[in-house]
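Engineer: I have a structure here, written as structure tokens, and I will follow up with some questions on it.
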Amino acid sequence: MSARSLLDRYLVLVTTPLLALALIGGWQLYVELSDVSPFIVPPPGDVWTALRSQVSDPYIWKVHVWTTFVETVLGLLIGAVIGVGAGFAIGKSRILNLVLKPFLVLLQVTPKVALAPLFVLWFGFGEESKIALAALVCFFPLMVNTAFGIQSLPQGHTDMASSIGAGRVFRFLRVEVPHTMAFILAGLEQAIVLATIGAIVGEYLGGDKGLGRYALNLQNNLQIDLLFGAIVLMALYGLVLYLAVTSLKRFLIPWHESVRLTRPAP
């Protein structure tokens, strides 16, 4: 490992806990100096105690975390299939790009939170409405990134495949997909974050379980320390899913420059 890679690794290991401690220290100092009510901003110690009780509660994991996880993953899968498929179609067809782009942009700029009540009306208060909302919000980054990836395919790659008499299937599997995979995974990193937000927002607006509904119940019961703990739990949940998606790069595109730069040099 080079000296620079070693320095970068230790820099992250040192600065991350220091920044976390500084944030918690500033939080504690604000609570003590401002004399703010714990119903507005509870002290870090109370939040830590609440978080520990939540993490050790099997019901929260089996019901709320699992429900949100299922909604997020299924929404991501549905959005990925439709988004990547649409991206390939739009990227390869100039006519489709011209015809569909105005409608896709119009739908993209529409606030998705405004559509959540309609999804609850159409699909009910169960998991289906949250899955649909999660799929919708993660559709666009995947579609846009895939279309951009296929449109940025170097002409030399296509010419070389044509010169050896490669058919459409061969060019698609061995030229277009490998080149576009980095763009798809970049869109997937955005999509997993948006899918998590979509599922939790949908739970806020309707339903009886999930992390969003759990946080809303805590707010209604004025259990503010537990509410802060639930927010931390949701943040950690989203972080784990994001790291899981980013790790796919090492397996799917180990040759790509973005992966090589993150690996420690020998």
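The values are calculated or read from the model by the stated rules, or taken from the named source; none is laboratory data. Bear in mind that the values here come from a model prediction, so they are computed numbers and not experimental data. Positions of Cβ are backbone-derived with ideal geometry, glycine not excepted, and every protein chain shown enters the neighbour counts.
Engineer: Looking only at residues that are within 25 Å of PHE69 (Cβ to Cβ) and either among the basic types (Lys, Arg) or not assigned by TED's automatic domain parsing to the domain that holds GLY212 (or both) in segment 97-135, which one is modelled with the highest pLDDT?
Structural biologist: The qualifying residue modelled with the highest pLDDT is LYS130.
Engineer: Of (1) touching a helix residue (DSSP H, G or I) at 6+ places or on another chain (Cβ under 8 Å); (2) modelled with pLDDT of 80 or more, ARG94 satisfies all except one. Which?
Structural biologist: Exception for ARG94: condition (1).
Engineer: Let me confirm something: among VAL84, VAL65, which residue is β-branched (Val, Ile, Thr) and either in contact with a strand residue (DSSP E or B) (Cβ under 7 Å, 6 or more places away or on another chain) or more than 30 Å from VAL31 (Cβ to Cβ) (or both)?
Structural biologist: One residue alone meets the criteria, VAL84.
Engineer: Out of GLY210, GLY238, GLY229, which single residue is in contact with a His (Cβ under 6 Å, 6 or more places away or on another chain), surrounded by 12 or more Cβ atoms within 10 Å (Cβ to Cβ) and modelled with pLDDT of 85 or more?
Structural biologist: Checking each option against the conditions leaves just GLY210.
Engineer: Being modelled with pLDDT under 90, over 30 Å from TRP48 (Cβ atoms) and among the polar types (S, T, N, Q) narrows it down to one residue among THR262, THR246; which is it?
Structural biologist: THR262
Engineer: Collect the residues in segment 87-106 that are under 23 Å from the mean Cα position of the chain (by Cα), surrounded by 14 or more Cβ atoms within 10 Å (Cβ to Cβ) and without any contact (Cβ under 8 Å) to a residue 60 or more places away in the chain, keeping them in residue-number order.
Structural biologist: Taking segment 87-106 first, the residues under 23 Å from the mean Cα position of the chain (by Cα) are 87-88, 104-106.
Cutting the leftovers down to surrounded by 14 or more Cβ atoms within 10 Å (Cβ to Cβ) gives us 87-88, 104.
Matches in segment 87-106: LEU104 only.
Engineer: Another one. For ASN145, state whether it is of a type in the set (S, T, N, Q), touching a helix residue (DSSP H, G or I) at 6+ places or on another chain (Cβ under 9 Å) and modelled with pLDDT under 90.
Structural biologist: no
Conditions tested, residue by residue: (1) surrounded by fewer than 18 Cβ atoms within 10 Å (Cβ to Cβ); (2) of a type in the set (Phe, Trp, Tyr); (3) in contact with a helix residue (DSSP H, G or I) (Cβ under 9 Å, 6 or more places away or on another chain); (4) not assigned by TED's automatic domain parsing to the domain that holds LEU188.
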{"position": "LEU18", "(1), (2), (3), (4)": "yes, no, no, yes"}
{"position": "TRP27", "(1), (2), (3), (4)": "yes, yes, yes, yes"}
{"position": "THR49", "(1), (2), (3), (4)": "yes, no, yes, no"}
{"position": "ARG52", "(1), (2), (3), (4)": "yes, no, yes, no"}
{"position": "VAL55", "(1), (2), (3), (4)": "yes, no, yes, no"}
{"position": "PHE69", "(1), (2), (3), (4)": "no, yes, yes, no"}
{"position": "THR72", "(1), (2), (3), (4)": "no, no, yes, no"}
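Engineer: Applying the selection to segment 170-222, what residues are within 28 Å of THR49 (Cα to Cα) and free of Cβ contacts under 8 Å to residues at least 40 places away in the same chain?
Structural biologist: Hits for segment 170-222 are TYR204, ALA215, LEU216, ASN217, LEU218, GLN219, ASN220, ASN221.
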